[in-house]
Amino acid sequence: MICARGGSKGVPWKNFISPFDGQNIYTRIKQKIEASKFSGCKVVVNTDSAEIIDLAQAEGIETYKRPLWLGERETRLVQVNKEFLSTAGIEYEYFVNISPVAPFLTTKTLNHVFRAIESGKHNCGGTVTEHKGNDHPALAMISGSDTRVRYLIDQDIRYPRQLRAKTFFANGAIFFRKRDLIRGDLKTNDLDKSFFPVFISDLEAINIDTRWDWNLAKVLADYFVNEAGEIDGNLPFKN
């Protein structure tokens, strides 16, 4: 399922057009899915926007219009999943969320996710990005109510960096969950300890949330990456 809210304030157009020459964003998503092992699976665009419904249906993608209360900026993906499950009446074993604003996702990654599901070993999983350099959580600091600055987490080893534990975070490009995990639990994010991490490159992990993200994606799409998601030139950062 592709969840696309129509009322984004930060980047109002992000769920409508692709950084690749402003083409219909759902054209690219459909092409990627059809070229992967997910071809033949049911695909639904879940949205509160009539315009997004038109864009998706123009590509022959089934749509579902969610209630307006699930179109607020505070809405969480797991809430949208739960509402869809409770009303759509669709039978399935696994539920896969693909972000519409991760323009550089590749068919290779989709196939990796498919194989993880096919193995039957994991109740859930998703694409992840490794923390690098000063992004490592061992270096995160906060200011408490007493205004004293301290490290967010206790960690015996912060330096040198080579000795830090390898950490990563879910970047939101893809999540998958078994049907019985879909409960709308905001605390667990409907995930459990069987979570399978699918590591992807920094390029694929771009998930547009701010205008900076959009501008970066647009430059990359215009000058460095072709429409198949393949790198054409030398990237301005290590991928």
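Descriptive notes on the structure:
- Any hit, the range 131-144, residues being of a type in the set (S, T, N, Q), closer than 30 Å to Arg161 by Cβ and part of a helix (DSSP H, G or I): yes
- Unique match (being crowded, with 17+ Cβ neighbours inside 10 Å and either touching a helix residue (DSSP H, G or I) at 6+ places or on another chain (Cβ under 9 Å) or over 27 Å from Leu216 (Cα atoms) (or both)) among Lys37, Lys14: Lys14
- In the range 40-60, residue farthest from His112 (Cα to Cα) [restricted to those that are surrounded by fewer than 20 Cβ atoms within 10 Å (Cβ to Cβ) and among the hydrophobic types (A, V, I, L, M, F, W, C)]: Ala50
- Scanning the range 14-28 for residues that are of a type outside the set (Ser, Thr, Tyr) and either under 17 Å from the mean Cα position of the chain (by Cα) or not assigned by TED's automatic domain parsing to the domain that holds Phe104 (or both) gives Lys14, Asn15, Phe16, Ile17, Pro19, Ile25, Arg28.
- Within the range 77-109, considering residues that are among the aromatic types (Phe, Trp, Tyr) and farther than 20 Å from Thr188 by Cβ, the one surrounded by the most Cβ atoms within 10 Å (Cβ to Cβ): Phe104
- Candidates are the residues of the range 86-108 that are among the hydrophobic types (A, V, I, L, M, F, W, C) and within 17 Å of Lys37 (Cα to Cα); the one that is farthest from the chain's Cα centre (by Cα) is Phe95.
- Taking the range 29-51 as the range and being more than 16 Å from the chain's Cα centre (by Cα) and either more than 19 Å from Glu83 (Cα to Cα) or in contact (Cβ under 8 Å) with a residue 60 or more places away in the chain (or both) as the test, the residues that pass are Gln31, Glu34, Ala35, Ser36, Lys37, Phe38, Ser39, Gly40, Cys41, Glu51.
- Residue ID - nearest to Val43 (Cα to Cα), chosen from residues in the range 158-193 that are without any contact (Cβ under 8 Å) to a residue 12 or more places away in the chain and hydroxyl-bearing (Ser, Thr, Tyr): Thr188
The values are calculated or read from the model by the stated rules, or taken from the named source; none is laboratory data. The structure displayed is predicted, hence computed values, not measured ones. Quick reminder, even Gly has a Cβ in these numbers, built from the backbone with ideal geometry, and neighbours come from all protein chains shown.
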